[in-house]
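Trainee: Take this structure, written in structure tokens, and hold onto it; I'll ask about it next.
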Amino acid sequence: MDTDITQMPLTKETHCVRLKALPFMPAVFCRLLALSLVRKPGRVFGTRVQKGQLLLSGFVPDPDRIRRYRKVCGFSCLPEEKTIPASCLQTFFIGLLGRYITSDFFPINPMGLIQTGQSFRSIQPVFLEESLDLSCTLQDMTRTKKGIFTRFCLEILQKNTLVWEGTSTYLTRDPAAGKTLGKKIQDQPLPPQMTIQVPENAGRRYARVSGDYNPHHLFNATARLIGFKQAIAHGMWSLARTLAALEKTMTVSHPFAVDAAFKLPIFMPATLTLGYENIAAAPGQVGFELRDADKGLPHLKGTLHLQNREK
């Protein structure tokens, strides 16, 4: 058992808050900036954290925004496309997540949260102009040598039926921990199948279709405020861009699932290689990764679980 990992205790009861509309993001970011001045990045253990849940009913996505998302992330943009990409469904929670981490439920500094992982299960297609019910719940919080990892459980229901569920994982770095040197693992790169270009403005373009305007994704100057040498791409953009590319090489039908971990940041602009291959020991599963085209450093690693794929 790793004694350097400590689970933060949560309350048994979940406090639910029903929202009438998506949070107004400029107000959320103003509150985020204000809280960054008073909340500490770490937290003293010993008291329970209130487990909260934000609910939003009757949300209808904007079809124009979905079409622009498809273009920014490389999905098919044909006029007859009526479904919403499964990765896009995660963006519906950006406002709810922003509201949560700036609420009294969240005990640590919301500034500088870095997404380190995203998993989701897409149970059935979600179509444009459907009314959706969204649920965002704190799953757990864990202190490690790197800082505090927070996981949120995300769910989408359509007519009381679960159509999509996911888990978003974020890291709040502990500045007192400094840089920890772990053992370098020599992994075998997957066969590179194609090259992906990341333009300098990829972060700003993705922010406009996702609502994620975190400063480290926008400009070099704002990224330096968070401690990065220059602007970095959204992890969810890199995952969406990967899934869009995979959809053009194989049939991805529902239900399917994705597990992804965001590794080293992608400093923009960048040239990446996409590698993928079938996992021999697990029929129906495809391993994928994004690496730096020059140095081979990993940026994204994950698995696509194709439940209905022919063996």
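Since every read-out is calculated from the coordinates, none of them should be taken as a lab result. Please read all numbers here as calculations on a predicted model, not as lab measurements. Don't worry about glycine lacking a Cβ; one is built from the backbone with ideal geometry, like all the others, and counts go over all protein chains shown.
Trainee: About its Cα centre, how strong a charge dipole does the stretch 58-133 have in debye, to the nearest 20, once Lys and Arg get +1 and Asp and Glu get -1 at the Cβ?
Mentor: Values: 8 positive and 8 negative charges, 56 e Å.
Around 260 debye, computed over the stretch 58-133.
Trainee: Here's something else I'd like to know. Given springs between every Cα pair under 10 Å in a Gaussian network model of the chain, which of Leu297, Leu134, Leu239 has the largest fluctuation?
Mentor: Answer for the Gaussian network model of the chain: Leu297.
Trainee: Using the Karplus curve 6.51 cos²θ - 1.76 cosθ + 1.60 with θ = phi - 60°, work out ³J(HN,Hα) for each residue of the stretch 61-77 in order, rounded to whole Hz, and write x for Gly and Pro.
Mentor: Whole-Hz 3J(HN,Hα) from phi for the stretch 61-77: x, 7, x, 5, 5, 5, 4, 5, 4, 4, 5, 5, 9, x, 6, 4, 10.
Trainee: Using only the Cα atoms, what convex hull volume per residue in Å³ does the stretch 11-175 have? Intermediate values should be presented prior to the final figure.
Mentor: Values: hull volume 21.2 nm³, N = 165.
So the per-residue Cα hull volume is 128 Å³.
Trainee: Right, another one. Among Cys30, Cys136, Cys16, which one shows the highest mean-square fluctuation when the chain is modelled as a Gaussian network with alpha-carbon springs under 10 Å?
Mentor: So, out of Cys30, Cys136, Cys16, the one fluctuating most is Cys30.
Trainee: Read through the labelled values [x] 28, 25, 20; [y] 32, 24, 17; [z] 25, 23, 19 and report the label of the one computed as semi-axes √(5λ) of the Cα gyration tensor in Å from the structure.
Mentor: It is the value labelled [x].
Trainee: Okay, moving on. Relative contact order for the stretch 188-311 using alpha-carbon pairs under 8 Å, separation at least 6, rounded to a whole percent?
Mentor: Numbers: 230 pairs, mean separation 35.1, N = 124.
That works out to 28 percent.
Trainee: Residues in the stretch 185-208, backbone N under 15 Å from the label point at Met250 (7 Å along the Cα-to-beta-carbon vector): list them, ranges by number please.
Mentor: Counting backbone N atoms under 15 Å from the label point, the list is 190-194.
Trainee: Which value, in debye to the nearest 20, gives the size of the charge dipole of the stretch 11-175 about its Cα centre, when Lys and Arg are +1 and Asp and Glu are -1 at the Cβ? Intermediate values should be presented prior to the final figure.
Mentor: Values: 23 positive and 13 negative charges, 148 e Å.
It comes to approximately 720 debye.
Trainee: Given springs between every Cα pair under 10 Å in a Gaussian network model of the chain, which of Ser210, Ser87, Ser103 has the largest fluctuation?
Mentor: Highest fluctuation among the options: Ser103.
Trainee: I'd like the distance separating the alpha-carbon centroids of the stretch 116-175 and the stretch 81-102, in whole Å.
Mentor: So the separation of the two Cα centres works out to 9 Å.
Trainee: If amide hydrogens are placed 1.01 Å from N in the peptide plane, which non-local residues have theirs closer than 5 Å to the one on Leu10?
Mentor: The answer is Val49.
Trainee: Viscosity 1.567 mPa s, temperature 4 °C: what is the translational diffusion coefficient of the stretch 72-137 from Stokes-Einstein with a Kirkwood Rh over Cα pairs, rounded to a whole number of µm²/s?
Mentor: 90 µm²/s
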